[in-house]
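The values are calculated or read from the model by the stated rules, or taken from the named source; none is laboratory data. All values reported here derive from a predicted model rather than from experimental measurement. No Cβ is skipped: glycine too gets one built from the backbone with ideal geometry, and neighbour counts run over all protein chains shown. Quick note on the areas: whole protein, heavy atoms, side chains included, nothing else; ligands and nucleic acids left out. Shrake-Rupley method; radii C 1.70, N 1.55, O 1.52, S 1.80 Å.
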Amino acid sequence: MAEALTAEDLTAPEVIAELARLRDSIDNIDAAVVYMLAERFKCTQQVGHLKARHQLPPADPGREARQIARLRQLAENAKLDPAFAEKLLNFIIAEVIRHHETIAAREEGDA
């Protein structure tokens, strides 16, 4: 088990430099995650319009279940908690469905 950092450790220049390096990396990863989510939502918006034009339901429980199982396996392979990955995907799926419902309502009103 790692020893707890002391106040003296936190003021050591090498500790401050390492902390800054790690935080910079975390910041870069956070930025990448945001941009990846933006791209994902651009695609799901297009799916929503396609579904609305063809009167398909906003949700696809079979696909969602397959995606959750797939993501859980990816998470296990990546040494990430599969339950966390599932919660994250469920949150994203709920938002996508909400978007699809909004798109369908708009397109129905335009018809």
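What are the pairs, 6+ residues apart or on separate chains, where a residue within region 28-43 that is closer than 18 Å to Q67 by Cβ has its Cβ under 9 Å from a residue that is open to solvent by less than 90 Å² (accessible area, probe 1.4 Å)?
Here the result reads L37/I92; R40/I92; R40/V96; F41/I92; F41/E95; F41/V96; F41/H99, each pair linking region 28-43 to a residue that is open to solvent by less than 90 Å² (accessible area, probe 1.4 Å).
Considering region 12-56 alone, what residues qualify as being of a type in the set (S, T, N, Q) and part of a loop (DSSP other than H, G, I, E, B)?
Residue satisfying the conditions is Q55 alone.
Given the conditions (1) surrounded by 12 or more Cβ atoms within 10 Å (Cβ to Cβ); (2) closer than 20 Å to H99 by Cβ, report the number of the one that Q73 does not fulfil.
The failed condition is (2).
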